[in-house]
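Report on one structure; see the data block that follows.
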Amino acid sequence: MIKEKLQTYVDTLNTMDDMMDRYTWLMDFGKKSAIVPERFKLPEFEVPGCQSQTWLVPHFTYDDTIYFTADSAALISKGMVCMLADVFSNSTRSDIATFELKELDGLNLDNLLTPGRRNGVYSMLKVIQSYGSRKD
């Protein structure tokens with residue numbers, strides 16, 4: 001499920017030759033994504049290592065799946081964190097915990113994002129995986 005959802009975004013982004021089109025798509029995706037209510041914009045949900053304030057909120061279900069809501073103060077970051085939240089939502093903890101970083105390679109983040117923003121994306125992924133490996 002994770003790989004299939006990720007592939008949808010890879011295909012979407014890779015149909016755009018112009019990097020500005022990709023940025024615009026990411027920002028529009030962020031604009032269209034739901035806003036996290038203020039009550040969830042707490043330090044424990046803030047993603048460390050992001051250049052702008054970014055929140056990733058896990059929601060655990062009774063059947064051991066997790067879905068995420070996300071928000072950021074910057075549109076590109078919001079587009080990325082909301083995309084990752086969608087990719088990993090409704091997945092089991094074990095599927096999330098076993099996801100490998102190299103599987104993001106199809107997004108071509110090296111070309112799309114500055115090193116600082118790439119680090120932020122990797123921080124987002126670490127946070128998501130930490131929720132997948134929790135035992136509570």
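The values are calculated or read from the model by the stated rules, or taken from the named source; none is laboratory data. This is a predicted model, so every value here is computed, not measured. Neighbour counts are summed over all protein chains in view; Cβ atoms, including those assigned to glycine, are modelled from backbone coordinates with ideal geometry.
Do you know which residues across the range 57-80 are of a type in the set (Phe, Trp, Tyr) and either buried (at least 20 other Cβ atoms within 10 Å of the Cβ) or modelled with pLDDT of 90 or more (or both)? Don't jump to the end; show me each part of the working.
First, the residues of the range 57-80 that are of a type in the set (Phe, Trp, Tyr): 60, 62, 67-68.
Once the filter is applied, which keeps residues that are of a type in the set (Phe, Trp, Tyr) and either buried (at least 20 other Cβ atoms within 10 Å of the Cβ) or modelled with pLDDT of 90 or more (or both), the range 57-80 yields PHE60, TYR67, PHE68.
Under the condition of being outside any helix (DSSP H, G or I) and either in contact (Cβ under 8 Å) with a residue 60 or more places away in the chain or of a type in the set (Phe, Trp, Tyr) (or both), which residue from the range 22-48 is surrounded by the most Cβ atoms within 10 Å (Cβ to Cβ)?
VAL47
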Taking only pairs six or more apart or across chains, which ones have beta-carbon atoms under 9 Å, a first residue in the range 108-131 that is closer than 15 Å to ILE2 by Cβ, and a second residue that is in a helix (DSSP H, G or I) and polar (S, T, N, Q)?
MET124/SER77
Residue pairs within 9 Å by beta carbon, gap of at least six or interchain, first lying in the range 7-21 and aliphatic (A, V, I, L, M), second surrounded by 13 or more Cβ atoms within 10 Å (Cβ to Cβ) and assigned to a loop (DSSP other than H, G, I, E, B), listed first then second, are VAL10/ASN108; LEU13/ASN108
The helices (runs of 4 or more DSSP H) lying wholly within the range 51-117 that contain at least 1 residues that are within 12 Å of the chain's Cα centre (by Cα) and within 22 Å of ARG39 (Cβ to Cβ) are 75-88
